[in-house]
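Just below is one structure, and these are the notes that go with it.
The values are calculated or read from the model by the stated rules, or taken from the named source; none is laboratory data. What you see is a predicted model, and the numbers here were worked out from it, not measured in a lab. Positions of Cβ are backbone-derived with ideal geometry, glycine not excepted, and every protein chain shown enters the neighbour counts. The protein model used for the area step is the full one, side chains on, heavy atoms only, and it has no ligands, DNA or RNA in it. Shrake-Rupley method; radii C 1.70, N 1.55, O 1.52, S 1.80 Å.
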Amino acid sequence: DELVRIRKATKPMQVLVVVDAMTDQDAVNVAQQFDEAVAFDGVVMTKLDGDARGGAALSVKAVTGKPILFAGTGEKVDQFERFHPDRMANRILGMGDVLSLIEKTEKAYDEDQAKELERKLRRNEFTLEDFLDQMKQLRKMGPLSSILGMVPGLAGHQMRNLKVDEREMDRVQAIILSMTPEERRRPELIKGSRRLRIARGSGTSVQQVNQLVKQFDQMRKVMRQISGGKMPDIGALMRQAR
């Protein structure tokens, strides 16, 4: 009744109803009741980064006949975007969403950053500080499970069995932040007592610090070989990583 009175008093040009994609049938019921009361023009679908993957979107459109105009894929303003039905169809079918992934990447990285990163990779000057910056930029793009769901081959039923532990990224970030600036630039300095200090400072174990340093060293070797025009010997690198 209050909504009906508001509509009569304000005479809005357009009315949108916001529904939660995670509520499935309840989202349809809300949309139906809202439409009967105030005759809305379009839908804003939130929480499309969750596990529902669009079932509510199909149902709301089929039952009400109203278009879904906007989608929310997170809690921040830049995670509110126009809804693209073809991209949602691809996600539901497990075909990924490359266009949305490209758009998110372009928002997170500007051209100058990309060129500077390429220069460092080519010159083998990529440090743990750079690695930390890249990790922060990646996390700005949204939950890892949501990002991976946009990659063809990882969407659909494959993602249902894939558990992405965001806490692992928290641990890596804590380890790097517990290092001194010099240690981040020169990881080869991290030995003995330094590793123990970093482990204590980050609330992790010496083994986890060792693993991060070793994996970062292997990553730099691969980058150095690629920048030199060579295909890296993945088998040898994996044996060294053990």
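For residue 167, all conditions in the list (1) among the basic types (Lys, Arg); (2) modelled with pLDDT under 65; (3) within 18 Å of residue 202 (Cα to Cα) hold save one; what is the number of the exception? Condition (2) is where residue 167 drops out. Applying the condition of being within 20 Å of residue 180 (Cβ to Cβ) and among the charged types (D, E, K, R) to region 200-238 and asking which residue is modelled with the lowest pLDDT yields 220. Being open to solvent by less than 50 Å² (accessible area, probe 1.4 Å), at pLDDT 85 or above and assigned to a loop (DSSP other than H, G, I, E, B) holds for only one residue in 150, 179, and it is 179.
For residues in region 31-62 being part of a helix (DSSP H, G or I), in contact with an Asp or Glu (Cβ under 9 Å, 6 or more places away or on another chain) and at pLDDT below 85, which is least open to solvent (accessible area, probe 1.4 Å)?
We begin by selecting, within region 31-62, every residue part of a helix (DSSP H, G or I); these are 31-38, 55-62.
Still in the list and also in contact with an Asp or Glu (Cβ under 9 Å, 6 or more places away or on another chain): 37, 55-56, 59.
This time we only want the ones that are at pLDDT below 85, so: 55-56, 59.
Details: 55: 35, 56: 2, 59: 46 Å².
Of everything passing the filter in region 31-62, 56 is least open to solvent (accessible area, probe 1.4 Å).
Listed here are the residues, each with its yes/no results for (1) buried (at least 16 other Cβ atoms within 10 Å of the Cβ); (2) modelled with pLDDT under 70; (3) among the charged types (D, E, K, R).
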| site | (1), (2), (3) |
| --- | --- |
| 102 | no, yes, no |
| 110 | no, yes, yes |
| 115 | no, no, yes |
| 126 | yes, no, no |
| 129 | no, no, yes |
| 133 | no, no, yes |
| 136 | no, no, yes |
| 139 | yes, no, yes |
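Determine whether region 17-30 contains at least one residue that is modelled with pLDDT under 85, over 22 Å from residue 138 (Cα atoms), assigned to a loop (DSSP other than H, G, I, E, B) and of a type outside the set (Gly, Ala, Ser). Scanning region 17-30 turns up at least one residue that is modelled with pLDDT under 85, over 22 Å from residue 138 (Cα atoms), assigned to a loop (DSSP other than H, G, I, E, B) and of a type outside the set (Gly, Ala, Ser).
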